[in-house]
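Below: the structure, in C-alpha cells.
The values are calculated or read from the model by the stated rules, or taken from the named source; none is laboratory data. The shown structure was predicted, so the numbers you read here are calculated from the model rather than taken from an experiment. No Cβ is skipped: glycine too gets one built from the backbone with ideal geometry, and neighbour counts run over all protein chains shown. To get the accessible areas, we keep the full protein, side chains included, count just its heavy atoms, and leave off ligands, DNA and RNA. Shrake-Rupley method; radii C 1.70, N 1.55, O 1.52, S 1.80 Å.
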Amino acid sequence: MRVFNFSAGPATMPEEVLRRAADEMLDWQGSGMSVMEMSHRGAEFESIHDEALADLRDLMHVPRSYRILFLHGGGIGANAIVPMNLLGDKQTADFVVTGSWSHKSFAEAQKYCTAHVAANGKTGHGFTHVPPLSEWHLSNDPAYIHLCTNETIDGVEMFATPDVGDTPLVADLSSHILSRPMDVTRYGVLYAGAQKNIGIAGLTIMIVREDLFDRALSICPSAFEWKAIAANNSMYNTPPTYAIYIAGLVFKWVRKQGGLDAIERRNVEKAKLLYDAIDSSSLYINRVERQSRSRMNVPFFLADESRNESFLAGANARGLLQLKDHKSVGGMRASLYNALPRKGVDALVEFMRDFEQKRA
Ligand code: PMP
C-alpha cells in the first residue's frame, strides 16, 4: 500500500513515473541495459539527456540566451558554486533573508566575499513574511542579489519578482520549481535541487543567463564552472545519469498534467484546503502572513504542544507520513509537492478535524 508522504524532500513521486522506471529498469527501450548502466557519452543516454533538457526548457519557457545545466552538489553546494561563478571582480553580494535557507546561502557566501544582508524577514515569531523591496537596503555595487523564493522550513514563498534593475537576481527554487509558471527572464541564475518536485537527490538544476559566464573566480573547481559545463553540454564530468533520466520522466508527467498553469491551479487548490483547515481551527496555528504562505510547504503548530506525539501517531496510523517539522522549528509541516495527490490533502484535513474534535 502506498502512503501519503508529506516529506519535504526527498519527497513523494508521481506513481506513473515510478512504474515506468520499474518497467524500464532492466532494459531501457530495447537497449538491453538499465539507464544506470549506460555510458553518459553513448547515444542512448544522450537522447535521454537532450529530451530532458528540451522538456524543461519548454515547460519553464527558458529563452535560448539561458543555458540549463545538470550538476551535482545540491542546494547547499550551490551556495558556494554561485559566488565562485558570479563574483567576477566585485567584492560584495546581497542577500534577502526570508528564512533558514536564504540565511544559509548568506552564511556560505561569506567565505568568498562580503555578504550583505539587504533585508531580513525575521520577526519575534520567526520568518513570517517577505520584506517588500521598499525595505531592502542594497549595497553599492553588488555582484548579484540572492533570494530563496520558497523557504522550505519556514513556509514563506515569494510570489512577486522584485524589480532590481541590472543587478542579476539569483534565486533558489529548490522547493517550488515547476510548481507554477515563473518569468525566467527576470533572473540571472535559477537553481534547484531535484529531490522535491523533480525526483532523485544528487541532481542540481541550474539555469544561467549566458552573458554571466565570464565571471568565475580562479578558485572555482572546474567541475562546477558554468562555462566549462555548458561547453561540454553538462558532461564535463559524469553527470548524475539516473537522476537525469527520472527528471526527464517527471518533466513528461508535468506536461501530461497540462503544464505549469494546470499544475499551479491544482497547487492553489491543495494549499487552500489545508490553510483553510488550519485557519478555521483553534488547535492548529500557522503564523505566516497570508500573501507569503507557501503552497508547497505548510508548517503548523498545535496550540497544545503536549499533543504533538499523539498527532503524529494518529496521522501515521492513517497512512499520513512525514509530518514532523524540521528539527530547528518544531511542530508539523506538510509538504504538498506536485506529486502529492489532492486525495492526500483531503485525508490530512479530515484527520486534523477528527483529531481536534476528539479533544473537545
Ligand atoms: N535550499 C532549499 C530551499 C532547500 O529546501 C534545501 C533542502 N531542503 C536546500 C537548499 C539544500 O539542498 P541540498 O540538501 O540538496 O543541498
The condition of being over 24 Å from Ser335 (Cβ atoms) and either crowded, with 24+ Cβ neighbours inside 10 Å or modelled with pLDDT under 95 (or both) holds, among Gly124, Gly155, Gly193, only for Gly124
Among residues of the range 82-95 being over 16 Å from Glu225 (Cα atoms) and among the polar types (S, T, N, Q), the residue nearest to the ligand (Cβ to nearest atom) is Thr92
Only one of Met36, Met25 is surrounded by fewer than 19 Cβ atoms within 10 Å (Cβ to Cβ), of a type outside the set (S, T, N, Q) and free of Cβ contacts under 8 Å to residues at least 60 places away in the same chain, namely Met25
Of the residues in the range 96-116, those that are open to solvent by less than 30 Å² (accessible area, probe 1.4 Å) and more than 13 Å from the ligand (Cβ to nearest atom) come to Val96, Ala109, Cys113, Ala115
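So how many residues does the range 75-95 have that are among the charged types (D, E, K, R) and open to solvent by 50 Å² or more (accessible area, probe 1.4 Å)?
First, the residues of the range 75-95 that are among the charged types (D, E, K, R): 89-90, 94.
Filter again for open to solvent by 50 Å² or more (accessible area, probe 1.4 Å), leaving 89-90.
Total meeting the criteria: 2.
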Of those in the range 1-43 that are assigned to a loop (DSSP other than H, G, I, E, B) and among the charged types (D, E, K, R), the residue farthest from the ligand (Cβ to nearest atom) is Asp27
Going through the range 185-209 in order, the residues found to be more than 20 Å from Glu225 (Cβ to Cβ), hydrophobic (A, V, I, L, M, F, W, C) and touching a residue at least 60 places away in the same chain (Cβ under 8 Å) are Ile200, Ala201
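When you scan the range 61-74, how many residues do you find that are closer than 19 Å to Pro239 by Cβ and either in contact with a helix residue (DSSP H, G or I) (Cβ under 7 Å, 6 or more places away or on another chain) or open to solvent by less than 10 Å² (accessible area, probe 1.4 Å) (or both)?
Number satisfying all stated conditions: 8.
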By residue number, the members of the range 54-81 that are more than 16 Å from the ligand (Cβ to nearest atom) and either assigned to a strand (DSSP E or B) or in contact (Cβ under 8 Å) with a residue 40 or more places away in the chain (or both) are Asp55, Leu56, Asp58, Leu59, Met60, His61, Val62, Pro63, Ser65, Tyr66, Arg67, Ile68
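Return a yes/no flag: does the range 162-184 have any residue that is in a strand (DSSP E or B), under 19 Å from Ala93 (Cβ atoms), in contact (Cβ under 8 Å) with a residue 40 or more places away in the chain and touching a Leu at 6+ places or on another chain (Cβ under 8 Å).
Here is the first cut: in the range 162-184, the residues in a strand (DSSP E or B) are 169-172.
With the extra rule that they be under 19 Å from Ala93 (Cβ atoms), the set shrinks to 169-172.
Checking the rest, the ones that are also in contact (Cβ under 8 Å) with a residue 40 or more places away in the chain come to 170, 172.
Then keep just the ones that are touching a Leu at 6+ places or on another chain (Cβ under 8 Å); that gives 170, 172.
Taking every residue of the range 162-184 in turn, at least one turns out to be in a strand (DSSP E or B), under 19 Å from Ala93 (Cβ atoms), in contact (Cβ under 8 Å) with a residue 40 or more places away in the chain and touching a Leu at 6+ places or on another chain (Cβ under 8 Å).
Within the range 202-242, track down each residue that is part of a helix (DSSP H, G or I) and open to solvent by less than 10 Å² (accessible area, probe 1.4 Å).
If the condition is that a residue be part of a helix (DSSP H, G or I) and open to solvent by less than 10 Å² (accessible area, probe 1.4 Å), then Leu212, Trp226, Ile229, Ala230 are the ones that fit.
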